[in-house]
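Trainee: Questions regarding the structure given below will be posed in turn.
The values are calculated or read from the model by the stated rules, or taken from the named source; none is laboratory data. Because the structure is a prediction, the values reported are computed rather than measured. Cβ placement follows ideal geometry from the backbone for every residue including glycine, while neighbour counts extend to all protein chains displayed. Side chains included, ligands, DNA and RNA excluded: accessible areas come from the protein's heavy atoms. Shrake-Rupley method; radii C 1.70, N 1.55, O 1.52, S 1.80 Å.
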Amino acid sequence: MNNENEDFSFTGLTPDVIANALESVGVDPMSGLLALNSYENRVYQFIADDQRRYVAKFYRPARWTTAQILEEHQFTAELAEAEVPVVTPLQLHGKTLHEYDGYRFTVFPSIGGRAVEPGDLEQLERIGQQIGRLHAVAQQGTFKERLSINRQEYVTDALVTLRQSPLLPENLHEAFFAIAEPLAAAVHDVDFRAFAQQRLHGDCHLGNMLIRDQELTFVDFDDARTGPAVQDLWMMLAGDDRHQRALQLDALLSGYEMFCEFDENEAALIEPLRTFRILHYMAWLARRWDDSAFRRAFPWFAEQRYWEQQILTLKEQFAVLQDEPIGAQPNFNR
């Protein structure tokens with residue numbers, strides 16, 4: 001997607017640049033800028049001169065192309081038009097994506113709301129309904145610019161990054177890859193293309209949903225991708241108990257299938273997808289470690305005990321992959 005030598009930094013994004021960028025599209029911040037919980041991009045909440053709250057999102061340079069960002073915006077616009085509750089970027093001067101001093105940015109209305117609590121079966125059914133509504137719209141079109149879920153990026157490239165990272169303690173290097181390599185091999189033959197492909201939220205977890213006035217609203221489509229439907233479902237399952245997770249999946253699908261059919265064979269992808277996320281997350285932190293925001297937010301990433309725990313996590317995940325999946329039996333070569 002991008003050249004490794006490209007500049008992904010926010011070193012030039014000063015408060016003055018942010019204020020001037022917003023003023024360039026007719027939005028005049030009257031309050032201070034409150035930095036929100038985002039690390040990949042820079043996201044700020046503020047009150048403008050119309051006394052309304054807004055959120056400005058400045059995209060990490062060189063991460064996505066302009067076409068990829070606009071395709072994300074178009075997707076959320078389609079969802080909003082179909083009355084799926086999502087937060088969509090504002091049209092300012094006829095555009096949703098703007099540029100100032102080399103930084104691309106978008107302005108959203110600030111909707112507020114509270115976080116969704118994990119594990120409640122009744123709430124999971126409601127969440128399943130909302131994801132089903134989202135997917136009913138998503139299946140009506142395709143992405144041309146956004147990426148697909150793939151082993152190369154999430155596993156192969158992730159392991160290359162981790163091998164090269166000085167953050168993995170030298171005394172744990174051999175033990176880490178003694179389990180990381182077999183774990184990667186265990187998902188080597190998983191072919192997501194053997195399953196129906198569709199547009200996805202891509203990073204659909206409870207942190208990217210808000211409850212306001214009893215309505216569940218999706219936020220942050222920054223990782224929108226193409227892939228199997230289960231990618232937007234599996235992160236809603238909480239805990240390690242297989243029986244409890246099976247109950248949660250049943251509740252989720254009972255709501256989902258009110259709006260979309262679910263291919264039960266995709267249940268076999270849940271643990272491979274979890275494996276992808278574990279490896280990709282570590283590599284993501286390693287690649288972003290030069291960003292001071294990451295060092296402040298994830299100081300434990302450079303500690304010996306973190307990597308010791310990750311070795312245990314990888315061993316546990318390898319064992320889980322040997323078990324039969326929740327729901328349908330694996331059938332990767334249909």
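Trainee: Of the conditions (1) at pLDDT 95 or above; (2) over 27 Å from Ile131 (Cα atoms), Gly32 fails just one. Which one is it?
Mentor: Tallying (1) at pLDDT 95 or above; (2) over 27 Å from Ile131 (Cα atoms), Gly32 fails exactly one: (1).
Trainee: Would you pick out the residues in the stretch 33-49 that are of a type in the set (A, V, I, L, M, F, W, C), under 20 Å from the mean Cα position of the chain (by Cα) and outside any strand (DSSP E or B)? So that I can check it myself, show each step before the final result.
Mentor: Of the residues in the stretch 33-49, the ones of a type in the set (A, V, I, L, M, F, W, C) are 33-36, 43, 46-48.
From what is left, the residues that are under 20 Å from the mean Cα position of the chain (by Cα) are 35-36, 43.
If the condition is that a residue be of a type in the set (A, V, I, L, M, F, W, C), under 20 Å from the mean Cα position of the chain (by Cα) and outside any strand (DSSP E or B), then Leu36 is the only one that fits.
Trainee: Checking Ser148 against (1) surrounded by fewer than 18 Cβ atoms within 10 Å (Cβ to Cβ); (2) under 26 Å from Leu70 (Cα atoms); (3) more than 14 Å from the chain's Cα centre (by Cα), which test does it fail?
Mentor: Evaluating Ser148 over (1) surrounded by fewer than 18 Cβ atoms within 10 Å (Cβ to Cβ); (2) under 26 Å from Leu70 (Cα atoms); (3) more than 14 Å from the chain's Cα centre (by Cα) leaves (3) as the failure.
Here's the yes/no breakdown for (1) surrounded by 15 or more Cβ atoms within 10 Å (Cβ to Cβ); (2) touching a helix residue (DSSP H, G or I) at 6+ places or on another chain (Cβ under 6 Å); (3) within 19 Å of Arg212 (Cβ to Cβ):
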| residue | (1), (2), (3) |
| --- | --- |
| Tyr103 | yes, no, no |
| Gly113 | yes, no, yes |
| Glu117 | no, no, yes |
| Arg133 | yes, no, yes |
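Trainee: Still on this structure: Could you check how many residues of the stretch 50-70 are open to solvent by less than 30 Å² (accessible area, probe 1.4 Å), among the charged types (D, E, K, R) and outside any loop (DSSP other than H, G, I, E, B)?
Mentor: 1
Trainee: Can you tell me which residue in the stretch 229-247 is modelled with the highest pLDDT, limited to those that are surrounded by fewer than 23 Cβ atoms within 10 Å (Cβ to Cβ) and assigned to a loop (DSSP other than H, G, I, E, B)?
Mentor: Here the residue is Leu237.
Trainee: Of the residues Thr88, Thr161, only one is open to solvent by less than 50 Å² (accessible area, probe 1.4 Å) and part of a helix (DSSP H, G or I); which? Can you show your working first?
Mentor: Working: Thr88 fails: part of a helix (DSSP H, G or I).
Answer to the selection: Thr161.
Trainee: Identify all residues within the stretch 206-216 that are over 17 Å from Ser38 (Cβ atoms) and assigned to a strand (DSSP E or B); write none if there are none. Step through it out loud before you land on a result.
Mentor: To start, the set of residues in the stretch 206-216 that are over 17 Å from Ser38 (Cβ atoms) comprises 211-216.
Ile211, Arg212, Glu215, Leu216 - these are the residues of the stretch 206-216 that are over 17 Å from Ser38 (Cβ atoms) and assigned to a strand (DSSP E or B).
Trainee: Now for a different question. Quick check: is even one residue across the stretch 278-300 among the polar types (S, T, N, Q) and at pLDDT 95 or above?
Mentor: Checking the stretch 278-300: not a single residue is among the polar types (S, T, N, Q) and at pLDDT 95 or above.
Trainee: While we're here: Can you name the residue in the stretch 172-191 that is open to solvent by less than 10 Å² (accessible area, probe 1.4 Å) and in a helix (DSSP H, G or I) and, of all such residues, is farthest from Ala80 (Cα to Cα)?
Mentor: Initially, the stretch 172-191 is screened for residues open to solvent by less than 10 Å² (accessible area, probe 1.4 Å), giving 176, 180, 183-184, 187.
Filter once more, so that each one left must be in a helix (DSSP H, G or I): 176, 180, 183-184.
Values: Phe176: 45, Ala180: 41, Leu183: 40, Ala184: 38 Å.
Filtering the stretch 172-191 for residues that are open to solvent by less than 10 Å² (accessible area, probe 1.4 Å) and in a helix (DSSP H, G or I), the one farthest from Ala80 (Cα to Cα) comes out as Phe176.
Trainee: Checking Met282 against (1) over 16 Å from the mean Cα position of the chain (by Cα); (2) farther than 19 Å from Asn208 by Cβ, which single condition isn't satisfied?
Mentor: (1)
Trainee: Using the structure shown, decide if Ala21 is hydrophobic (A, V, I, L, M, F, W, C), modelled with pLDDT of 95 or more and surrounded by 19 or more Cβ atoms within 10 Å (Cβ to Cβ).
Mentor: Values: hydrophobic (A, V, I, L, M, F, W, C): yes; modelled with pLDDT of 95 or more: yes; surrounded by 19 or more Cβ atoms within 10 Å (Cβ to Cβ): yes.
Yes, satisfied.
Trainee: Here's something else I'd like to know. Might you check whether a residue that is of a type outside the set (Gly, Ala, Ser), in contact with a Gly (Cβ under 8 Å, 6 or more places away or on another chain) and not in a strand (DSSP E or B) occurs anywhere in the stretch 92-104? Steps first, answer last, please.
Mentor: Initial filter on the stretch 92-104 (of a type outside the set (Gly, Ala, Ser)): 92-93, 95-101, 103-104.
Checking the rest, the ones that are also in contact with a Gly (Cβ under 8 Å, 6 or more places away or on another chain) come to 92-93, 101, 103.
Those still in the list that are not in a strand (DSSP E or B) too: 93, 101.
Yes, there is a match, as at least one residue in the stretch 92-104 is of a type outside the set (Gly, Ala, Ser), in contact with a Gly (Cβ under 8 Å, 6 or more places away or on another chain) and not in a strand (DSSP E or B).
Trainee: On to the next question. In the list Leu13, Leu79, which residue meets the criterion of being in contact with a helix residue (DSSP H, G or I) (Cβ under 6 Å, 6 or more places away or on another chain), among the aliphatic types (A, V, I, L, M) and touching a residue at least 40 places away in the same chain (Cβ under 8 Å)? If you could, list the steps in order and put the result at the bottom.
Mentor: Working: Leu13 fails: in contact with a helix residue (DSSP H, G or I) (Cβ under 6 Å, 6 or more places away or on another chain).
Selected residue: Leu79, the only one of Leu13, Leu79 that is in contact with a helix residue (DSSP H, G or I) (Cβ under 6 Å, 6 or more places away or on another chain), among the aliphatic types (A, V, I, L, M) and touching a residue at least 40 places away in the same chain (Cβ under 8 Å).
Trainee: Further question on the same structure: (1) in a loop (DSSP other than H, G, I, E, B); (2) within 19 Å of the chain's Cα centre (by Cα); (3) surrounded by fewer than 20 Cβ atoms within 10 Å (Cβ to Cβ); (4) touching a residue at least 40 places away in the same chain (Cβ under 8 Å): which one isn't true of Asp203, the others all being true?
Mentor: (4)
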